[in-house]
Structures are given as structure tokens and as C-alpha cells.
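Just below is one structure, and these are the notes that go with it.
Bear in mind that the values in this text are calculations on the coordinates, not laboratory data. The structure displayed is predicted, hence computed values, not measured ones. Ideal geometry is used to build each Cβ from the backbone, glycine not excepted, and the neighbour counts take in all protein chains shown.
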Amino acid sequence: MAENKFKGWCAAHNVKVKEIAQLLEIAPNNASEKLAGKQNFTLPQIRKICETYGISADIFLS
């Protein structure tokens, strides 16, 4: 469910699935599944997202 908060953040900031996929160097369908909560982001992926967008990892933890 924490991924859904990040999905909401992405929607609010106009960050597309394709952009997340490119950032993480994964296929767009894998990024989509992570955003939907079907797969978990890894800690290195979370770190990269947070550093790139200047957000707190709390969005993935709460």
C-alpha cells in the first residue's frame, strides 16, 4: 500500500511510469507493477528515487 502513496505523488507531480522505468533502468511494465504495489521497490531503487526527486523515503514506509 505504501507504493500507492508514491503513485499518488507521481500523478500529482506529472511523473510518468516511463520516466520511473528509465530512472531505475527497468521495463515500463515492471515500473507499473511496482507503482501498483504488485512488486516491491528495492532499497537501492527507493534511494535513487528519493535522491532524484528530493522526497523522503517515508512515502514508501507509511
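Across the stretch 7-14, rounded Karplus estimates of 3J(HN,Hα) from the backbone phi angles (6.51 cos²θ - 1.76 cosθ + 1.60, θ = phi - 60°) give 4, x, 4, 4, 4, 5, 10, 6 Hz, Gly and Pro being marked x. Counting only Cβ charges, +1 for Lys and Arg and -1 for Asp and Glu, the dipole size of the chain around its Cα centre is about 100 debye. State the label only: which of (i) 39, 12, 11; (ii) 14, 13, 12; (iii) 46, 10, 7 corresponds to semi-axes √(5λ) of the Cα gyration tensor in Å computed from the shown model? It is the one labelled (ii). When Ser32, Ser56 are sorted by how many other C-beta atoms sit within 10 angstrom of their C-beta, beginning with the fewest, the order is Ser56, Ser32.
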